[in-house]
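To start, the structure under review is shown below, and the notes come after it.
The values are calculated or read from the model by the stated rules, or taken from the named source; none is laboratory data. Everything numeric here is computed off the predicted structure, so don't read it as measured data. Every residue, glycine among them, receives a Cβ derived from its backbone with ideal geometry; neighbour counts consider all protein chains shown.
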Amino acid sequence: MSQHHKVVIVGSGPAGLTAAIYTGRANIETVVFEGLQPGGQLTITTEVENYPGFPEGIEGPEMMEVFRKQAHKFGAISKYEIINKVDFSERPFKLWSENTEYTADSVIISTGATAKTLGIPSEQTYWGAGISACATCDGFFFKGEKIFVIGGGDTAMEEANYLTHFGESVTLVHRRNEFRASKIMIERTERNPKINIITNHVVDEFLGEENFGIKKLTHIRLKNVETGELTTHEAGGCFLAIGHIPNTKIFEGILDMDENGYLKTIGKSTYTNINGVFACGDVQDHVYRQAVTAAGSGCSAAIDSERWLAEQE
């Protein structure tokens, strides 16, 4: 026997939990499948200082717990299961976790995106302790530091230029001799006196120290891809700008996606190509990727879902 819910939200984070707050307040029975990473990417963010309403800042996991409590206050239920299969060919929609089949009148997808990483063991050691994948989120914490940016596309160039507002210097490291960024971004980066550019190099290792249980990145070791030569550089921060992967695999062949796998939504709405299925947050936003914009789109998805359900009745 399947379990039926009025609204199923797949994925948590600011988008999914905000959607749950709104559907809950609208007295629509709601369940949130929080999946592998309850609370989303913010649970690996040390401190959030740019979300309105928290002038002293707040730890990412703590912030998501506040969101969750608010959603639960209005009746939403969290299930810590992974949805690994869906069927949106007819209503009610069908979704499956490992052991259970669920049905839903409406589905909101907020599965987010995952930052691509280098796969170096020390990367995880200093993640959130000097290594980040979001300059807009964390650049402020690196005032006066020597900062490195890894990547060669428009995002890497944009982040390098943005980080010059904070760092003593910014060094852009790219594994090739040519950049895939647009010509205007390359020119802007090359003209910036605070940016150094190192090509034909990759990160070999992240190095740091630990005092009283607190880890901190202090150096980065680079490898010349042509000669194999290793060089060590002082680094107070390192930003990975090698892309994100939207968590959309289970929706392939079902929902419309762009060439990079992000879900397409119609106009300024959160409607997907299937009526009754909505998408919000980083799973459909590859431009802003901020907690506040994700929360805003979660609100939009909840309102779109509520109005769509009312039309069906």
Considering only segment 67-99, how many residues are part of a helix (DSSP H, G or I) and either surrounded by 14 or more Cβ atoms within 10 Å (Cβ to Cβ) or of a type in the set (Phe, Trp, Tyr) (or both)? 5
Given the conditions (1) among the charged types (D, E, K, R); (2) farther than 26 Å from residue 28 by Cα; (3) in contact with a Lys or Arg (Cβ under 9 Å, 6 or more places away or on another chain), report the number of the one that residue 223 does not fulfil. (3)
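Has segment 258-266 got any residue that is polar (S, T, N, Q) and buried (at least 23 other Cβ atoms within 10 Å of the Cβ)?
For segment 258-266, residues polar (S, T, N, Q) and buried (at least 23 other Cβ atoms within 10 Å of the Cβ): present.
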Are there any strands (runs of 3 or more DSSP E) wholly within segment 100-198 with 1 or more residues that are more than 29 Å from residue 294 (Cα to Cα) and of a type in the set (Val, Ile, Thr), and if so which? 169-173, 195-198
Among the residues of segment 281-300, what is the count of those that are under 19 Å from residue 133 (Cα atoms) and small (Gly, Ala, Ser)? 3
Filtering segment 97-115 down to residues that are farther than 12 Å from residue 82 by Cα and of a type in the set (Asp, Glu) yields 105
List the number of the failed condition for residue 260; all other conditions in (1) in contact with a helix residue (DSSP H, G or I) (Cβ under 9 Å, 6 or more places away or on another chain); (2) in a loop (DSSP other than H, G, I, E, B); (3) of a type outside the set (Ser, Thr, Tyr) hold. (1)
Take the residues in segment 27-82 that are aromatic (Phe, Trp, Tyr) and under 18 Å from the mean Cα position of the chain (by Cα); name whichever of them is modelled with the lowest pLDDT. 51
